[in-house]
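The values are calculated or read from the model by the stated rules, or taken from the named source; none is laboratory data. Bear in mind the structure is a predicted one, so any value in this text is a computation, not a measurement. No Cβ is skipped: glycine too gets one built from the backbone with ideal geometry, and neighbour counts run over all protein chains shown.
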Amino acid sequence: MVILNFKVLRKSCFILPVLGAMGLALASAPAGAQSSGTLIQLIDPLDEPEFYCIDIPGFRHNLRLDRPLMTHTCKPGADDQMFTLDHPAKGQLFMAAYKLCLEADGTAPGSSVSMKKCSDKPGQRFVRNAQGEIRLGAGPGAPCLAMAPGKGEPTGGPSHLRRPLALQECTATRPSLKKWITPGARVLSD
């Protein structure tokens, strides 16, 4: 097994296809491992040259942990976008700054995702596959995290944009809206 540790620059969306061609796949730290975290970034920049990442609505003292998550211009190192993968258990997406886990608010298309107290609920078990999808649970019919189509909505900064995030039927969702990378995650090869 070859282990490569490296940082992927925000604008390096070419890395996933290159890794796939080399027979490599993204993997996270072992279950229960602590790390400084990683962004969950959409591979395709679409209308945002700085890419979209999964984000908590609000900013600093206006952060809204009680609201569904969204996608927003990536802000590397910002606590409201940094996830620890497979922590505290396999399949969980944990935000160390808030000690909360990503949880689906349902399983139907259009269901939102929010940050909740970590638990054994099935709504907190996500599977990242080789195609870059993040699915709720395993199986071919499992819904995946996807960004809404359309143009990003301006949010105050010079180029800051946001779009809604929800579970969607994977087969009916355009790849550009559902394929994610985790820059800085470990890369493993058999």
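Looking across segment 92-137 at every residue that is among the β-branched types (Val, Ile, Thr) and assigned to a strand (DSSP E or B), the one that is nearest to THR71 (Cα to Cα) is identified as VAL113. The residue that is farthest from VAL127 (Cα to Cα), counting only those in segment 143-155 that are part of a loop (DSSP other than H, G, I, E, B) and in contact (Cβ under 8 Å) with a residue 24 or more places away in the chain, is THR155.
Restricted to segment 167-184, and to residues there that are polar (S, T, N, Q) and in a loop (DSSP other than H, G, I, E, B), the residue that is modelled with the lowest pLDDT is THR182.
Within segment 50-71, the set of residues being within 22 Å of GLY106 (Cβ to Cβ) and surrounded by 17 or more Cβ atoms within 10 Å (Cβ to Cβ) comprises ILE54, ASP55, ILE56, PRO57, LEU69, MET70, THR71. Hey, among THR182, THR173, which residue is touching a residue at least 40 places away in the same chain (Cβ under 8 Å), closer than 18 Å to PRO45 by Cβ and of a type in the set (Val, Ile, Thr)? None of the other options fit; the residue is THR182.
Applying the condition of being modelled with pLDDT of 95 or more and either at positive phi or aliphatic (A, V, I, L, M) (or both) to segment 109-131 and asking which residue is farthest from the chain's Cα centre (by Cα) yields GLY110.
Looking at PRO164, PRO140 in this structure, which one is part of a loop (DSSP other than H, G, I, E, B) and not hydrophobic (A, V, I, L, M, F, W, C)?
After ruling out the rest, the residue left standing is PRO140.
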